[in-house]
Each structure stands twice: as C-alpha cells, then as structure tokens.
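I have placed the structure first, in the form of structure tokens, so that the comments after it can refer back to it.
We did not get these values from a lab; they are worked out from the coordinates using the rules stated. These numbers come from a predicted model, not from an experiment. Ideal geometry is used to build each Cβ from the backbone, glycine not excepted, and the neighbour counts take in all protein chains shown.
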Amino acid sequence: MKDRPGKKDKHNKGVGYMSKEEFEQLKWAIDYAPKITPWLRVAGYIKSADADIRVQISRSGHVNLPPTWLAAETITGLLKELSEYELEDTVNDDQLVEVCRQLIREVKTAHSRWPMEDHPHQVKFMRCLACELETLKYYPPKFVGDEIVVKCANPACLAVLDSKMFGFATLLIKQQRKAQ
Ligand SMILES: [Zn+2]
C-alpha cells in the first residue's frame with residue numbers, strides 16, 4: 001500500500017473515509033464475495049433451504065428468483081463496480097465508499113443468513129439440462145478454493161453443471177415460465 005503524505009495525517013485513524021476496522025471488513029468482503037456467490041446461486045434450490053428461499057410462484061404465475069440468487073446478483077454487481085478502481089481510491093471517494101459499505105453489508109448478511117452447506121443435497125425445482133429428470137444433486141467444495149458442483153444422479157446421464165451453468169439454467173427456467 002502506498003503512503004500518501006498529507007492524506008495520511010488527515011485520516012491517521014483509518015483509511016480514506018473508512019475506519020481501520022471497516023477497511024479490514026472491506027478486504028474480507030472482497031475476498032469472500034467470489035467464494036460465496038456460486039453458493040448463493042445454488043442455495044435457493046437445495047433441499048435443506050429455508051421455506052423463504054424456495055422459488056415462489058407469484059399470483060401472476062411468474063416465478064420469482066430466490067433471494068439468494070438476487071443477493072448473488074447484487075454482490076456481483078457491486079464487486080464489478082469497485083473492480084474498476086484501486087481499492088484505496090474507492091475508500092477516498094465519498095460516493096464509492098458507500099458502494100464499499102453496501103458490499104460489506106450484503107456479503108455479511110448473505111454469510112449469516114445462508115451459511116454454505118457442507119453436505120451433498122438434492123436440488124429441487126430444477127430438472128437436469130441433459131436428461132430432463134429431477135435428479136440434480138449439489139456437492140459442496142471439498143477443500144478451500146474448490147468449486148461447488150451440481151451433478152445429475154441419473155446413472156444413464158451423470159451430467160455435471162458448474163455454478164455458472166447452474167445460473168444459466170435458472171435464467172432459462174425463469175424465461176420459460178414467464179413465456180407461458
Ligand atoms: Zn441428467
């Protein structure tokens with residue numbers, strides 16, 4: 001990290017507009033966000049999910065995306081916005097620092113509301129893209145940095161979806177149901 005004389009004296013208790021503590025949380029959020037978003041895309045579709053994160057069909061017949069999915073979208077968007085700047089520039093800008101704070105809030109909330117599952121689970125409300133059976137199963141990461149995988153349990157199929165493909169499948173379902 002570069003020291004900037006003049007600026008440092010003004011904010012010697014923190015980094016830019018952030019306190020030291022807040023800045024540490026920001027670094028955690030930026031590091032954790034890419035790990036939790038693939039989980040959030042899957043979380044609304046696994047068996048043990050809370051009732052409130054299941055796919056709900058509204059009165060109009062449209063399928064709403066699970067809140068976990070929407071949280072993943074929000075976090076991805078905030079990260080993308082911040083990625084265009086140096087971290088230190090974001091906390092020295094009175095508008096970008098609010099984006100940083102929002103990112104911290106979103107990641108913290110998602111982390112406490114929807115902790116990552118470490119056991120395999122059946123996926124609900126979604127059919128395998130390949131064999132069209134409801135046979136998808138969620139497999140948690142096996143080690144730190146490993147990917148979440150969704151696999152088809154039909155022995156004749158055994159298709160594998162990574163979280164990106166799973167996300168694509170979600171959007172397809174949404175569009176199909178909307179079109180009906
Ligand atoms: Zn299949």
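Observations on the structure shown:
- This ranking places D93, D31 by how few other beta-carbon atoms lie within 10 Å of each, fewest first, which gives D31, D93.
- Counted by neighbouring Cβ atoms within 10 Å, the residues L172, L96, L26, L136 run from fewest to most as L172, L96, L26, L136.
- Pairs of C-alpha atoms in the stretch 121-179 farther apart than 18 Å represent 33 percent of all such pairs.
- In plain terms, the residue of F143, F23, F168 with the fewest other Cβ atoms within 10 Å comes first and the most crowded comes last, giving F143, F168, F23.
- Computed lengthening from E24 to E81, 0.36 nm per intervening residue step minus Cα-Cα distance: 18.6 nm
- Global form of the stretch 72-180, assessed from the alpha-carbon gyration tensor, a/c cut-off 1.5: prolate
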